[in-house]
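Below is one structure, written out as structure tokens, with a few remarks after it.
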Amino acid sequence: MYYDNYIENIIKNIIDAIIISDDDGNIKFFNDELLNLFGFSKEKLNSKKVYDIFEGFYSFRDLLNKKENIEREEVLINADKNKIHFMVSIYKLDNKDFLFKFEDIKKKRKLNKKIKENKAIYTFDKIIGNNKRFKCQIEFAKKISDSKSTILITGETGTGKEVFAQSIHNMSDRKNKPFIAINSAAIPDNLIESELFGYVEGAFTGAKKTGQIGKFKSADKGTIFLDEIGEMPFNLQTRLLRVIEEGIVTRIGSIDQEYVDVRIIAASNKDLKKEVEKGNFRKDLFYRLNVLPLSILPLRERKDDIPILIDYFMDKISRRLNKKKVKITKFQMDYLINYNWPGNIRELENFVELIINLEYIPNKYFENKIEKTKKDFIIEKNMTLEELEKNYITDMLRKNDRNITKVAKILGIGRNTLHRKINKYEL
């Protein structure tokens, strides 16, 4: 039957509830997730039409026949026992059937609500990795989650410092309180003080008549995340030190002191010890922040996690974009593992999104990013298997100083086999 393999692939790659129907609304296929969410039995659903499940089928069908896909429209579902709001996306298939994909609107609303209410979104189960050193860092972060002491998270750009900060907050006894993040590098120097500590009416030209509470006051009883703390102006570091030591905040233009109960997590992609030596960062502030130091490994030091991360992002992004996953060969994966990923996890995620959109791995992505010679291992879109093998063996020989025994072991072949391939490809 036409749909057997087709529907199997859809079910495998889409975690939302789906239905496929014909032009008249007759249901041809559905997945188990739809039964779970709407509460129908298979027998009961088989007796229904799509327009029995939600209103608007014919209007949507007219739009689809004009080649206009329906993207995330809110509909009221007539579930088995009640009526519930869902988001539906509808696509016309090549054989003129329709595919309906339903998303739980409550999940979307909860996420938006968390963002609006200054709630942390990430938890430790969202941190992917099996590297031993990295897992030790995760366990340390979990262990210090409930402490009241300040935490200093260091790591290169893109390593996931805020993900760790949010996860720590969500594992602490402050998880139901605000999580306020502020990036010191993204705010002009003349505005950072008012952002952090707030101001009263008439404090400066352009100030709101009602004044404004600062981020510290907004984070009372919760956590404040000071990202890129190394970029904070030197003159403000003294005020920050006082807040840490005394828990006192004074708004600009006021003499009143306000006490705040805030857990501080700071982060920096700079070496703050060196910044102290250069005179750019206060030594006393550094030691007050560095009570519980947490250093996040760059991706190049946990390369064994790259295949796991690629699989994770491939699954996540392909579902979000409604596109097929891209197959990655062993040769390509070896190349991706050997790449240093200067942008770390963020760069890797963006790369996976790129190849899902393109539906292949572009070799040009790596041009000018990897220091290479004419003999580097190159992946082209239309390469033959022999060309890939030749380039890969060439690269391994270069990187291992033509040590035949070592290269043969890396390739998983015998020395004599490697010699034959070297002669075959005139290497």
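Potential lengthening of the chain between Ile213 and His85 amounts to 42.4 nm, from the contour at 0.36 nm per residue minus the alpha-carbon distance. To the nearest 10, the accessible area of Phe40 is 10 Å² with a 1.4 Å probe. Solvent exposure of the chain, expressed per residue, is 56 Å² of accessible area, with all protein chains present and a 1.4 angstrom probe.
Accessible area per residue was computed with a 1.4 Å probe on protein heavy atoms; Asp173 scores about 120 Å².
Element breakdown for the chain at a 1.4 angstrom probe: carbon and sulfur atoms account for 47% of the accessible area. Taking the chain as a Gaussian network of alpha-carbon nodes connected by springs under 10 Å, the highest mean-square fluctuation of the residues Ser172, Ser184, Ser59 belongs to Ser59. Spacing of the modelled spin labels on Leu427 and Lys283, each 7 Å from Cα toward Cβ, amounts to 5.5 nm. Compared with the alpha-carbon gap, the fully stretched path from Asn176 to Asp125 is longer by 16.6 nm at 0.36 nm per residue. Note on Asn290 and Leu385: the extension gain reaches 29.0 nm, defined as 0.36 nm multiplied by sequence separation minus the Cα-Cα distance.
Computed on protein heavy atoms with a 1.4 Å probe, the accessible areas place Asp97, Asp125 in the order Asp125, Asp97, largest first. For the cross-link pairs Lys44/Lys126; Lys325/Lys390; Lys161/Lys283, the ones whose C-alpha atoms lie over 29 Å apart are Lys44/Lys126. Here the Karplus relation 6.51 cos²θ - 1.76 cosθ + 1.60, evaluated at θ = phi - 60°, turns the backbone of the stretch 286-292 into coupling constants of 4, 5, 6, 7, 8, 5, 10 Hz, with x for every Gly and Pro. In this structure, the pairs whose alpha-carbon distance is over 25 Å, taken from Lys177/Lys273; Lys119/Lys215; Lys148/Lys209; Lys135/Lys270; Lys142/Lys177, are Lys177/Lys273; Lys148/Lys209. Residues in the stretch 119-134, backbone N under 15 Å from the label point at Lys316 (7 Å along the Cα-to-beta-carbon vector): list them, ranges by number please. Taking a point 7 Å out along Cα→Cβ of Lys316, the residues of the stretch 119-134 whose backbone N falls under 15 Å are 121-130. Top mean-square fluctuation among Ile84, Ile180, Ile121, Gaussian network model of the chain, C-alpha springs under 10 Å? Sorting by GNM fluctuation, first place goes to Ile84. Remark: relative contact order (the stretch 146-257) = 29 percent; criterion is Cα-Cα distance under 8 angstrom and separation of 6 or more residues.
Taking the chain as a Gaussian network, where each spring joins two C-alpha atoms under 10 Å apart, which residue of Ile90, Ile192, Ile413 fluctuates the most? In this elastic network of the chain, the residue with the biggest mean-square fluctuation among Ile90, Ile192, Ile413 is Ile413. Label separation (Lys324 vs Arg402): 4.3 nm, computed from points 7 Å beyond Cα along the C-beta direction. Each residue of the stretch 184-199 was assigned a 3J(HN,Hα) from its phi angle through the Karplus curve 6.51 cos²θ - 1.76 cosθ + 1.60 (θ = phi - 60°); the sequence is 5, 7, 9, 10, x, 3, 6, 10, 4, 4, 5, 5, 6, 10, x, 8 Hz, with glycine and proline shown as x. Cross-link pairs exceeding 32 Å between alpha carbons, from the set Lys42/Lys324; Lys101/Lys303; Lys48/Lys92; Lys316/Lys409: Lys101/Lys303; Lys316/Lys409. Working note: Karplus 6.51/-1.76/1.60 with θ = phi - 60° gives the stretch 41-50 the couplings 8, 4, 4, 5, 5, 5, 8, 9, 9, 4 Hz, where Gly and Pro are set to x. Note on Arg420 and Thr238: the model spin-label points, each 7 Å out from Cα along the C-beta direction, lie 7.8 nm apart. Classified by the C-alpha gyration tensor, the chain has an oblate form. Its axis ratio a/c, with a ≥ b ≥ c, is 1.5 or above, and a/b does not exceed b/c.
Name the residues of the stretch 163-202 whose amide N is less than 14 Å from a point 7 angstrom out from the Cα of Asp256 along the C-beta direction? 198-202, by backbone N distance to the label point.
Peptide packing for 323-334, 342-353, 142-153 was compared via the average number of neighbouring C-beta atoms within 10 Å per residue; ordered from the highest value, the list is 342-353, 142-153, 323-334.
The values are calculated or read from the model by the stated rules, or taken from the named source; none is laboratory data. What you see is a predicted model, and the numbers here were worked out from it, not measured in a lab. So basically every Cβ, Gly included, is an ideal-geometry build from the backbone, and we count neighbours across all protein chains shown. Note: areas computed on protein heavy atoms with side chains; ligands, DNA, RNA excluded. Shrake-Rupley method; radii C 1.70, N 1.55, O 1.52, S 1.80 Å.
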